[in-house]
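Worksheet for the structure shown next.
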Amino acid sequence: MRITRYAVSMTALGLVLAGCGSDAGEQAEGAADSTVEVQEDAEFPAGTTMAELAEAGSITIGTKYDQPGFGLLNPDGVPEGFDVEIGKLVAAELGIAAEDIEWVETVSANREPFIQNGQVDIVVATYTINDARKQLVDFAGPYYEAGQDIMVAAGNPDGIAGPEDLAGKNVCSVEGSTPAQNIRDNYPEATLTLFDVYSKCADALTNGQVDAVTTDNVILTGLVAGNPEGFELVGNPFTEEPYGIGLELGNTEFRDFINDVLEESFENGDWAAAWDRTAGAITGEDAPEPPQVDRY
């Protein structure tokens, strides 16, 4: 698949997809149309989170609203993307249809508090699993492996080839993200500018406020696809970022259930189909091999 036209416009809510003129674009426009079969007769042990959610007939899921291909609020005000489809897979196994999911925007800095405070049941939001976060929340997965990369202005005027070239440069990322912390810890010669969402970093790069934007490669790929004349990806990943589904700390039964859902989706093709109609439609890349679930 090849992207021939993929326009993105900025709104107060973040990036909103517009005007897709290729097979990939058409798939992106239809990403919200999940084909996942809902398990109408789902039954679970009494007292478990699964039983409570199934009885309620609804689930609250946190996701990003400004990341093309993974979590993006579409013009109808409905989130779509690979993360969104993963959330639908979990909901469907609980007997909950897509229209009965309550979506909540979770930016990088509020994911743990939203889980801890019960504002969401799970978070599926390009959420890297790491040891520090495991002290605060539990993770199912991973369901995808990304890597930190760098986005620059088209033509790469500063000749940035990797993180070692960020010394003396103004680099944008998002507060509370692992990429931002990596720059703080390992590349202190760079000046770090932080926002709450990546769409503001894209604006800052466009306006010349920053020299580069850094986060996971799949997020940056979506931003580049939205403005190929303005941005380009350095294409030199320098970390490993396993994406997991965040949930309440210590809820082992629920974590095991979600891990079962993920592994089944890897095997039956639902995971690959979700990729193809979302992130794959934007990047033009076939679904990769799914990662190994870590049942820690």
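Per-structure values
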item: Members of region 41-60 that are within 18 Å of I245 (Cβ to Cβ) and either of a type in the set (S, T, Y) or not in a loop (DSSP other than H, G, I, E, B) (or both); result: T48, T49, M50, E52, L53, A54, S58, I59, T60
item: Hey, G246 surrounded by fewer than 18 Cβ atoms within 10 Å (Cβ to Cβ), within 25 Å of V293 (Cα to Cα) and either hydrophobic (A, V, I, L, M, F, W, C) or not assigned by TED's automatic domain parsing to the domain that holds G162 (or both) or not; result: no
item: Top-ranked residue in region 193-226 [being acidic (D, E) and either part of a helix (DSSP H, G or I) or touching a Pro at 6+ places or on another chain (Cβ under 9 Å) (or both); ranked as surrounded by the fewest Cβ atoms within 10 Å (Cβ to Cβ)]; result: D203
item: Subset of region 255-269 (residues that are out of contact with any Asp or Glu (no Cβ under 7 Å at 6 or more places or on another chain) and buried (at least 22 other Cβ atoms within 10 Å of the Cβ)); result: I258, L262, S265
item: Odd one out for N182, checked against (1) closer than 28 Å to A140 by Cβ; (2) touching an Asp or Glu at 6+ places or on another chain (Cβ under 9 Å); result: (2)
item: In region 22-56, residue modelled with the lowest pLDDT [restricted to those that are under 30 Å from G284 (Cα atoms) and of a type in the set (S, T, N, Q)]; result: S22
item: Residue match in region 60-72 (condition: surrounded by fewer than 21 Cβ atoms within 10 Å (Cβ to Cβ) and out of contact with any strand residue (DSSP E or B) (no Cβ under 7 Å at 6 or more places or on another chain)); result: no
item: Matching residues, region 118-158, being surrounded by fewer than 22 Cβ atoms within 10 Å (Cβ to Cβ), of a type in the set (G, A, S) and touching a helix residue (DSSP H, G or I) at 6+ places or on another chain (Cβ under 7 Å); result: G147, A153
item: Single unsatisfied condition, P113 versus (1) outside any strand (DSSP E or B); (2) in contact (Cβ under 8 Å) with a residue 40 or more places away in the chain; (3) within 19 Å of the chain's Cα centre (by Cα); (4) over 29 Å from L233 (Cβ atoms); result: (2)
item: Per-region count, region 126-173, residues in contact (Cβ under 8 Å) with a residue 60 or more places away in the chain and farther than 21 Å from G62 by Cα; result: 14
item: Helices (runs of 4 or more DSSP H) contained in region 227-286 and holding at least 2 residues closer than 28 Å to A51 by Cβ and within 16 Å of the chain's Cα centre (by Cα); result: 270-276
item: Criterion violated by Q119 - all others in (1) in contact with a Ser or Thr (Cβ under 9 Å, 6 or more places away or on another chain); (2) within 27 Å of P291 (Cα to Cα); (3) not in a strand (DSSP E or B) satisfied; result: (2)
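The values are calculated or read from the model by the stated rules, or taken from the named source; none is laboratory data. Predicted, not measured: the structure shown is a model, and the values here were computed from it. When we count neighbours, we look across all protein chains shown, and the Cβ atoms used for this are built from the backbone with ideal geometry, even at glycine.
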